[in-house]
Amino acid sequence: MTDTVQAGRRKFFDLARPSRQHLLGYILIAPAVLMVAAIIVWPLILAIDLSFQQVKIPRLGGASRPFSVSNYVWLFSSQEFWLACWVTLKLVIVVTAGSVAVGLSTALLVNNRFEGRTVARLGMALPWAVPEIIAVVIFAWMFDTSFGLFGWLAIKLGFTGQMIPWVSSSTAAFWAVAITMVWKGFPFVSIMCLAGLQSIPSDYYAAAKVDGASSFQRFRWITMPLLMPVLGVTLVLTLLWVFRDFSIIKVLTGGGPLRSTQTLSIMTYDQAFQYHNFGRAAAVGVLTLVICIIASLLMLGRRSKSIY
Amino acid sequence: MRRTLAQSLALYATVIFTLVMILFPVYWLLVTALSTTDELYRLPPTFWPDDPQWDVFARVWAAKPILLWLWNSMLAAVGSVALSMLVSVSAGYALSRYSMRGGATMGLFVLTAKMLPATLLVIPLFSIFSSFGLIGSLWTLVLAHSTMIIPFATWMLKGYFDTIPKELEQAAMVDGCSPIGAMVRVVLPIATPGLAATALYAFVLSWADYAYARTFLVNSPDNWTANLGITTMQGEYVTYWNDIAAASVFIALPIIAIYLFLERYLVGGLTAGAEK
């Protein structure tokens, strides 16, 4: 009797047995699940919980405040929130469009065969490797109000009569942020598009050429359709990046002047760490997350799997 | 496809023009570092300093604890990459090899985690770290950066493991290897390029962080990372752009070097999910 029990036990822990293999799978995945539960899921639940409490600075383990939707009520009735939504939307559209335009054209350019193409490819995607903060340092100086290069160029090219007040003018500050973000964001699009372009079999082009297709027709009817899936995913990832970016805007303009560059992300951070309204901040953050999820599901639809 | 001479010239002209436009800001950073303050505050700007101040690098290195900042960034990056890879490798392997209940949920979760704004997560993390007395310590960054790395690394590694045929481990197990032995001795060595790509990409992610460092470490100058340190050089009234530019060169250099020499791996990581 004991013999059979022991044999059974030994077999239970014999992970090589096919019927036990799924157990090994769970054991291997357990550390990651525990980590994720501790540093992502639990904090996220805390944040959602915070967003439903009227709380300034929360203390863990302290008595939680009663459930209240006052943070959301405040949000939806405050001008600041709607302005932040509008700024975020503008920035997402401008930066995503700019990044895709520059990224796709540079990818098409280095997809040509020519001497020194490897170097050109490396050079064109180099801004990807420049840390965001360093990019901001460079552009902050180029957008300097008194001695910046861009202001001087604008005068030289006849766009304006005097230096542009990049810091104190709302429109100028918005474009300063947008230009910096495009410079930092387009290489990703370029890298992805180039990978997509190179996976298109060259036979397709050869065949189209035999049939007498012009280079525009080849681009329109071969390149574009086959690039679409990659481009779609890239577009959504770029959009999500702009949506959530903190460092570029925070260091370049701080969200100003007059909140003209304050996105939802900046508003979340400032509500928490500048005005110490953690409850309100959590509410803005949770809404940002919800908007991100809805937007990317809508854009990718059934293809959303490819984004992981 | 043969090109005529005129077409070749046009192509080269376009490539060079585009490269100059794109790389100009990086060149401008160098020019700014090498200029004297007088030159910087003068219009029209000088496109190459009359007397390049090469000693600016030595001066800034001595005046600011740049080595300490770089070291802290390195510690945070190595720590978070090591911790994340440890759990992600086995999780990615499990997701690739075993069909588990909840596998699809896991995918959906990775998607959500990828969309999680750092500015939202930083709020509860701040309360958690405060109550554990961790604020000001580099451990906060190790954990916070892991929240960015684990979801994407697990999924990326699953993709790499998927490309390695299952038959290899089955053969090893027939020869008497345990399942764990087969993973460690057969699959992991083959997956080394994938592991390297994931780790490198994770390293770059950690190195780029500013939001977490600013929130958790702002009052502990000894633990400032490179990105946080450099923003403190931006003065309230006067900013010495040549000094900041020189410090920026030090901080950007490690990542640019990684990019130039290991670009193949990094790009492999970036495009891993997109081509499927």
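The values are calculated or read from the model by the stated rules, or taken from the named source; none is laboratory data. These figures come from a predicted structure and were not determined experimentally. All Cβ positions, even for glycine, are placed from backbone atoms using ideal geometry, and neighbour counts span all protein chains on display.
For the stretch B:126-148, how many residues meet the condition of being in contact with a Phe, Trp or Tyr (Cβ under 6 Å, 6 or more places away or on another chain) and outside any helix (DSSP H, G or I)?
The total comes to 1.
Quick grid of which residues meet (1) closer than 26 Å to A:Leu239 by Cβ; (2) surrounded by 20 or more Cβ atoms within 10 Å (Cβ to Cβ); (3) touching a residue at least 24 places away in the same chain (Cβ under 8 Å):
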| residue | (1), (2), (3) |
| --- | --- |
| B:Gly92 | no, yes, yes |
| B:Pro117 | yes, yes, no |
| B:Ser130 | no, no, no |
| B:Ile135 | no, no, yes |
| B:His145 | yes, yes, yes |
| B:Met156 | yes, yes, yes |
| B:Ile164 | no, no, yes |
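Among B:Thr239, B:Thr271, which is the only one that is within 11 Å of chain A (Cβ to nearest Cβ), closer than 30 Å to A:Leu235 by Cβ and at pLDDT below 85?
On the way: B:Thr239 fails: closer than 30 Å to A:Leu235 by Cβ.
Only one candidate qualifies: B:Thr271.
List every residue pair whose Cβ atoms lie under 8 Å apart, where the two residues are 6 or more positions apart in sequence or sit on different chains, the first residue falls within the stretch A:113-139 and is in a loop (DSSP other than H, G, I, E, B), and the second residue, located anywhere, is at pLDDT 90 or above and among the charged types (D, E, K, R).
Pairs found: A:Val130/A:Lys184.
Got a sec? Which of A:Gln271, A:Gln262 is at pLDDT 90 or above, in contact with a Phe, Trp or Tyr (Cβ under 9 Å, 6 or more places away or on another chain) and among the polar types (S, T, N, Q)? Talk me through it step by step, then tell me what you get.
Numbers: A:Gln262 fails: in contact with a Phe, Trp or Tyr (Cβ under 9 Å, 6 or more places away or on another chain).
The conditions single out A:Gln271.
Given the conditions (1) under 13 Å from B:Asn242 (Cα atoms); (2) in the same structural domain as B:Leu205 (by TED's automatic domain parsing), which single one is not true for B:Met74?
The failed condition is (1).
When you look at B:Thr198, is it surrounded by 23 or more Cβ atoms within 10 Å (Cβ to Cβ) and either free of Cβ contacts under 8 Å to residues at least 60 places away in the same chain or not assigned by TED's automatic domain parsing to the domain that holds B:Asn72 (or both), yes or no?
On the way: surrounded by 23 or more Cβ atoms within 10 Å (Cβ to Cβ): yes; either free of Cβ contacts under 8 Å to residues at least 60 places away in the same chain or not assigned by TED's automatic domain parsing to the domain that holds B:Asn72 (or both): no.
Considered against the rule, which asks whether it is surrounded by 23 or more Cβ atoms within 10 Å (Cβ to Cβ) and either free of Cβ contacts under 8 Å to residues at least 60 places away in the same chain or not assigned by TED's automatic domain parsing to the domain that holds B:Asn72 (or both), B:Thr198 comes out as no.
For the structure I just gave you, tell me whether A:Met267 is without any contact (Cβ under 8 Å) to a residue 60 or more places away in the chain, assigned by TED's automatic domain parsing to the domain that holds A:Thr96 and hydrophobic (A, V, I, L, M, F, W, C). Before the answer, list the steps.
Details: without any contact (Cβ under 8 Å) to a residue 60 or more places away in the chain: no; assigned by TED's automatic domain parsing to the domain that holds A:Thr96: yes; hydrophobic (A, V, I, L, M, F, W, C): yes.
For A:Met267, the condition - without any contact (Cβ under 8 Å) to a residue 60 or more places away in the chain, assigned by TED's automatic domain parsing to the domain that holds A:Thr96 and hydrophobic (A, V, I, L, M, F, W, C) - is not met.
Is it the case that the stretch A:100-107 has a residue that's out of contact with any Asp or Glu (no Cβ under 7 Å at 6 or more places or on another chain) and more than 19 Å from A:Val182 (Cα to Cα)? Please lay out each step first, then the result.
Of the stretch A:100-107, the ones out of contact with any Asp or Glu (no Cβ under 7 Å at 6 or more places or on another chain) are A:100-107.
If we keep only those that are more than 19 Å from A:Val182 (Cα to Cα) as well, we get none.
No, because not a single residue in the stretch A:100-107 is out of contact with any Asp or Glu (no Cβ under 7 Å at 6 or more places or on another chain) and more than 19 Å from A:Val182 (Cα to Cα).
Tally time: how many residues in the stretch A:109-137 are more than 21 Å from the chain's Cα centre (by Cα) and surrounded by 22 or more Cβ atoms within 10 Å (Cβ to Cβ)? Steps first, please.
Taking the stretch A:109-137 as the starting set, the residues that turn out to be more than 21 Å from the chain's Cα centre (by Cα) are A:109-123.
Narrowing further to those that are surrounded by 22 or more Cβ atoms within 10 Å (Cβ to Cβ): A:110.
Number of matching residues: 1.
Specify the residue that is farthest from B:Gly235 (Cα to Cα); the eligible residues are those in the stretch A:95-117 that are facing another protein chain (nearest Cβ under 9 Å) and among the hydroxyl-bearing types (Ser, Thr, Tyr). Outline the logic, then answer.
Here is the first cut: in the stretch A:95-117, the ones facing another protein chain (nearest Cβ under 9 Å) are A:102, A:105-106, A:109-110, A:112-117.
Then keep just the ones that are among the hydroxyl-bearing types (Ser, Thr, Tyr); that gives A:105-106.
Working: A:Ser105: 38, A:Thr106: 37 Å.
That would be A:Ser105.
Report yes if A:Ile266 is in a helix (DSSP H, G or I), of a type outside the set (Lys, Arg) and within 13 Å of the chain's Cα centre (by Cα), otherwise no.
On the way: in a helix (DSSP H, G or I): yes; of a type outside the set (Lys, Arg): yes; within 13 Å of the chain's Cα centre (by Cα): no.
No: the conditions fail for A:Ile266.
For the stretch B:109-159, enumerate the residues that are polar (S, T, N, Q), over 23 Å from B:Met85 (Cβ atoms) and more than 7 Å from chain A (Cβ to nearest Cβ).
B:Ser130
Having 2 or more residues that are out of contact with any Phe, Trp or Tyr (no Cβ under 8 Å at 6 or more places or on another chain) and at pLDDT 90 or above is the bar; report the helices (runs of 4 or more DSSP H) wholly within the stretch B:1-107 that clear it.
B:5-34, B:66-97
What number of residues within the stretch A:233-259 are at pLDDT below 85 and under 20 Å from A:Thr96 (Cα atoms)?
Number of matching residues: 2.
Please work out which residue is farthest from the other protein chains (Cβ to nearest Cβ), limiting yourself to the stretch B:217-236 and to residues that are touching a residue at least 60 places away in the same chain (Cβ under 8 Å) and under 14 Å from A:Ala140 (Cα atoms).
That would be B:Met233.
Looking only at helices (runs of 4 or more DSSP H) that fall completely inside the stretch A:1-65, which ones have 1 or more residues that are closer than 18 Å to B:Ile128 by Cβ and modelled with pLDDT of 85 or more? So that I can check it myself, show each step before the final result.
Values: elements: A:2-12, A:21-36, A:42-51.
Filter on the stretch A:1-65 gives A:21-36, A:42-51.
Give me a count of the residues in the stretch B:149-189 that are hydroxyl-bearing (Ser, Thr, Tyr) and in a helix (DSSP H, G or I).
Narrowing the stretch B:149-189 to residues hydroxyl-bearing (Ser, Thr, Tyr): B:154, B:160, B:163, B:178.
From what's left, in a helix (DSSP H, G or I): B:154, B:160.
Total satisfying the criteria: 2.
Kindly provide the set of residues from the stretch B:15-45 that are more than 19 Å from A:Asn111 (Cα to Cα), aromatic (Phe, Trp, Tyr) and more than 7 Å from chain A (Cβ to nearest Cβ), ordered by number.
Listed by number, the residues that qualify are B:Phe24, B:Tyr27.
What tally of residues in the stretch B:50-80 results from selecting those that are within 14 Å of another protein chain (Cβ to nearest Cβ) and over 25 Å from B:Thr232 (Cβ atoms)?
Looking only at that region, the number is 0.
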